[in-house]
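A short reminder: the numbers here are calculations on the coordinates, not readings from a lab. Please read these numbers as outputs of a predicted model, since none were measured by experiment. Here the Cβ is made from the backbone with ideal geometry for all residues, glycine too, and neighbour counts use every protein chain on show.
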Amino acid sequence: MYLIFGTLTTAVNIVVYYLFSNIIYMSYLFSNAVAWFLSVLFAYITNRKYVFNSSSA
């Protein structure tokens, strides 16, 4: 499951970068920063909720 969310995180990064740089015409540096931030946020949320959600201690 971790591999699936890693692939989805990469897809989020690519889509957000493409959206900001080519469709909204933002600077590539700004687009890269936003894409990185949103992909890290996506990875954190999905991994916390689905991958590392273990109630056994």
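Quick notes on this structure:
- Nearest 10 degrees, 0 to 90: helix 28-46 Cα axis against the chain principal axis: 20 degrees
- Rough spin-label spacing in nm, given labels placed 7 Å along Cα→Cβ, for residue 4 and residue 24: 2.9 nm
- Structure-derived Cα extents along the principal axes in Å: which label, when the choices are [x] 27, 25, 17; [y] 38, 38, 20; [z] 48, 16, 12: [z]
- Against the chain, whose longest principal axis comes from its Cα atoms, helix 2-18 is set at around 20 degrees.
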